[in-house]
Structure formats: C-alpha cells, structure tokens
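Read through the structure below, which is laid out as structure tokens, and then see the notes.
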Amino acid sequence: METVAKHMLTTADNPWHPFTHWDDWWAYDTQAGHHTNAYLARVSKSSDDLSDPDQELANEMAIDEIVRENPLGLYLKVNENSVIIPTDSEM
C-alpha cells in the first residue's frame with residue numbers, strides 16, 4: 001500500500017508548490033542551496049523497520065520540529081491545498 005504525504009516542507013522563497021510542481025520545486029530548492037529534503041531526512045527519526053503509518057508520523061513530526069525551530073522563518077509546512085505566495089524578492 002502506497003502512502004501519500006499529507007504535508008510537505010518547503011521554503012518561503014520557493015515559488016513552486018511541492019505537491020503540484022515537484023520538478024520545478026526540486027530544481028529551485030537545489031539551486032538555492034536549501035536541500036530541504038536532505039535536511040528533513042536528517043531530522044526525521046525514520047527507519048525501514050517502521051510501518052508506513054509510522055514512517056508518515058515520523059516525517060510529520062520532523063516537519064513540525066523544523067518549522068518550530070525555524071529562527072530565520074525560512075521553512076513552511078504545506079498541504080496540497082496550501083496557497084504559496086512568493087516573497088517580495090520573487091515578484
């Protein structure tokens with residue numbers, strides 16, 4: 001059974017929505033040097049030994065931790081219905 005992410009981590013400066021424009025989102029994130037997915041993987045307490053629901057929970061908890069401990073305000077937690085508004089520098 002394939003699980004579908006309920007939330008994803010993005011950055012405030014990335015104009016692309018990770019749910020709807022993954023490739024563009026990934027390209028921007030990488031070019032900006034954020035490497036958000038690698039950061040999330042380092043923070044997440046996941047394991048191949050966990051069930052899919054437990055993996056999803058570990059991912060959600062890591063996203064929440066990153067957003068909570070976010071002194072520069074760079075990271076955002078989004079769902080598929082979130083509206084992402086580019087920062088002034090992206091307009």
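Extending 7 Å from Cα along the Cβ direction at E69 and again at H35 yields two label points whose distance is 1.8 nm. Database remark: amide H of H7 closer than 5 angstrom to no amide H (H placed geometrically; neighbours at sequence offset of 5 or more, or on other chains; Pro and chain starts carry no H).
Ordered by the number of other Cβ atoms lying within 10 Å of each residue's own Cβ, fewest first, T10, T36, T30 fall into the sequence T30, T36, T10. Only helices enter the 222 nm calculation for the chain: every DSSP H run of n ≥ 4 contributes -39,500 (n - 2.57), and dividing by all residues gives -12000 deg cm²/dmol, rounded to 500. Among the listed values (1) 14.1; (2) 12.7; (3) 13.8, the one matching Kirkwood radius over Cα pairs in Å as calculated from this structure is (3). Select from A38, A58, A12 the residue whose mean-square fluctuation is largest in a Gaussian network model of the chain (Cα-Cα springs shorter than 10 Å). Ranking A38, A58, A12 by mean-square fluctuation puts A38 first.
For the chain, the relative contact order comes to 44 percent (Cα pairs under 8 Å, sequence separation of at least 6). Restricting segment 1-84 to GluC sites (Glu not before Pro) that sit in a DSSP loop and have at most 15 other Cβ atoms within 10 Å of their own Cβ leaves E2, E69, E80. Taking D64, D29, D49 in turn, the Gaussian network model of the chain (Cα-Cα springs below 10 Å) assigns the largest fluctuation to D49.
In plain terms, the chain from D13 to S82 could stretch by 23.4 nm, reckoned as 0.36 nm per residue minus the Cα-Cα distance. The Cβ shell under 15 Å around I66 holds other residues with a net charge of -1, Lys and Arg each +1, Asp and Glu each -1.
Values quoted throughout were computed directly from the atomic coordinates according to the rules given, and no laboratory measurement underlies them. These numbers come from a predicted model, not from an experiment. In this analysis, Cβ positions are derived from the backbone assuming ideal geometry, glycine residues included, and neighbour counts consider all displayed protein chains.
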